[in-house]
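Report on the following structure.
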Amino acid sequence: MIAASADVRLALDLVGIFVFALSGGLVAVRARLDLFGVAVLAWVSGLGGGIIRDVFLGDVPPDGISNPWYVVTVVAAGLVVFAFHGLYVDLSRHRPKLRLDRISASVKYLDAVGLATFAVAGALKAVALDAPPLAAVFVGGITAVGGGVIRDVLVGQVPEVLRRELYAVPALLGATAVVVAAEVGQLSFLVIWSTLALVLGIRIAAIVFDLHAPTPSPSRGDAA
């Protein structure tokens, strides 16, 4: 079964780790943290979701602290942020609003890539370890959003997943697609990459067109 391919999951994990670590480092720069803060946020953003996934699946110690490829990927992402840190600092001195806008946009699009890759990779690993279908969907979703939630909490902001803009929904749809395909014996490379593209497309559309999940209508008392 393609879901059992360690190479596919490793590739997806490394991409997700790298882009989420980049986004974590940029959030740290936006929050004016020092270089240690940049390193911490890059680490938790890149590896947090995968560590939660592995703990839920009972695959311990988690790959995030035992697989050298994962650690090297986070370090590489941190170095990239360090390399451009000076440019962001200079930009903040001359055009602070432009700096914040650029960082915020970069974080959203990096998160979109990480969300798509981790949703698929998380569901694939759950299926490979024979997790029940519902649990596999949940694991795929938590893998996708976990690191970002920890990152946002550490800098004192409402996690992206709790805001109105579509975030967790595409991840759950992607994880569901992978699990359903595995259950009916149709999981293939085409399904994996098509699902990844679908999740990424929905998330980017949500960013570009400001798409939101439904919210409860305010009561008359609230409106008053």
> Could we say that Asp34 is more than 21 Å from the chain's Cα centre (by Cα) and at pLDDT below 95 here?
Replying inline: yes
> Could you say whether any residue in the stretch 177-193 is out of contact with any strand residue (DSSP E or B) (no Cβ under 8 Å at 6 or more places or on another chain), within 19 Å of Val55 (Cα to Cα) and not acidic (Asp, Glu)?
Replying inline: no
>> I need a count of the residues in the stretch 143-202 that are assigned to a helix (DSSP H, G or I), among the basic types (Lys, Arg) and surrounded by fewer than 17 Cβ atoms within 10 Å (Cβ to Cβ).
In response: 0
>> Quick check on my filter: what residues within the stretch 38-57 are charged (D, E, K, R) and in contact with a Ser or Thr (Cβ under 7 Å, 6 or more places away or on another chain)?
In response: Arg53
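The values are calculated or read from the model by the stated rules, or taken from the named source; none is laboratory data. All values derive from a computational prediction rather than experimental measurement. As a convention, Cβ positions derive from the backbone with ideal geometry for all residues, glycine included, and neighbour counts pool all protein chains shown.
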